[in-house]
Every structure is written in C-alpha cells, then in structure tokens.
Amino acid sequence: MIFATVGTQLPFDRLVGAVDRWAATRGDGAVFAQVGPTGLRPAAIAWERFVSPAECRERMRAADAIVAHAGMGTILTALELGTPIVVMPRVAALGEHRNDHQLATARRFAEQGSLAVAFDETELHSALDALHAEGARARRRIGRHAEGPLVETLRAFIAGD
C-alpha cells in the first residue's frame, strides 16, 4: 500500500493529480491519499480530505511507501518509522506555498541520499515505478529525539560557551 499525504494547510493538486494518474495507469489500486483542502476528486485512488494525526501516523507506519509534500513533519516521521518516502516539494511560483523552503529541504535531503525526491510529475511517476517494481525497502530509522552531540552543541550555544 502506498500512502500519499499533502498535509493540511494548502491544496497540492499537482501531487494529488500525479499520484491519481499514476495509479490509473500503473498501480494496482493500493493507494490511499490524504488530499487536503482541494476540489479534486481522485478517481483511481482511495482518499479522504483529512485524517487525524494518529491515523496519519498509523497509515505511514503500515505503508510500503509514502508519497508526500516536502514538509519536515512528514519527512521526519517517515525516517523515524523507516518507511521509504518520495517527496515532491511545493513550488511557490505555482501557488502551492508562500515561499520555496520545501525546494531547499528536498534538495538537501536528496544530496544526503536520505530519501527520493521528485520535482515534477515525470520524476514522481519514475520514482513510484521504481518502488513498485523493486518493492519498497525499509531504510535505516532515525531516533525520535536528537542525539547527544546535537544536544550538547545546543546547550553550549544557549549557555554562551
């Protein structure tokens, strides 16, 4: 099962439409999307506008893969759960967000190789095809809390050391 999520703040029709079109032509119907405040009515995937935070986390845990906007909460939860994730960042010039911080986030994670990034529908379809063909593989999980060196650096900064 693939779980797609766009968050709750703004519509992200480009991602929802791309996932729906992929599922219509290549998927096996096992896609559920949290589509947010959109007027779209996906035809090839199961969907709801909003799910509770607890249900979202459970769907992310149970999914073979996640497709999402490049929001930090979603990314960190996927990495914590070890569920493979493909992100498509929102683009301000397309009216999808107020600025391009998601582009910067996606580029940085892509450089690290921590997750797959798709900047357009073609790249998203390719990433989904790869996940579908290879089967999703869990990645190394991150901890729920910051590690010691980061905490110590922050403490020293706050203390003025």
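The values are calculated or read from the model by the stated rules, or taken from the named source; none is laboratory data. Everything numeric in this text was worked out from a predicted model, so none of it was measured. Reconstructed Cβ throughout: ideal geometry from the backbone, glycine too, with neighbour counts over all protein chains shown.
So here's what we get for this one:
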| read-out | value |
| --- | --- |
| Within the stretch 16-61, considering residues that are among the small types (Gly, Ala, Ser) and loosely packed, with under 12 Cβ neighbours inside 10 Å, the one nearest to Ala130 (Cα to Cα) | Gly29 |
| From the options Ala23, Ala18, Ala54, Ala46, residue that is of a type in the set (Gly, Ala, Ser) and within 15 Å of Glu96 (Cα to Cα) | Ala18 |
| Close pairs (9 angstrom Cβ cut-off, 6 or more residues apart or separate chains): within 27 Å of Asp129 (Cβ to Cβ) in the stretch 92-116, modelled with pLDDT under 90 and of a type in the set (Val, Ile, Thr) anywhere | Ser114/Ile142 |
| Exclusive hit being closer than 19 Å to Val86 by Cα, in contact with a Phe, Trp or Tyr (Cβ under 8 Å, 6 or more places away or on another chain), touching a residue at least 12 places away in the same chain (Cβ under 8 Å) and in a loop (DSSP other than H, G, I, E, B), set Gly36, Gly7 | Gly36 |
| Residue list for the stretch 124-135, restricted to those being without any contact (Cβ under 8 Å) to a residue 24 or more places away in the chain and not aliphatic (A, V, I, L, M) | Ser126, Glu134 |
| Candidate set from the stretch 110-161 (those that are of a type in the set (Asp, Glu), at pLDDT below 90 and surrounded by fewer than 10 Cβ atoms within 10 Å (Cβ to Cβ)); member that is nearest to Ala62 (Cα to Cα) | Glu134 |
| Output for the stretch 79-93, where each listed residue is outside any strand (DSSP E or B) and modelled with pLDDT of 95 or more | Met88, Pro89 |
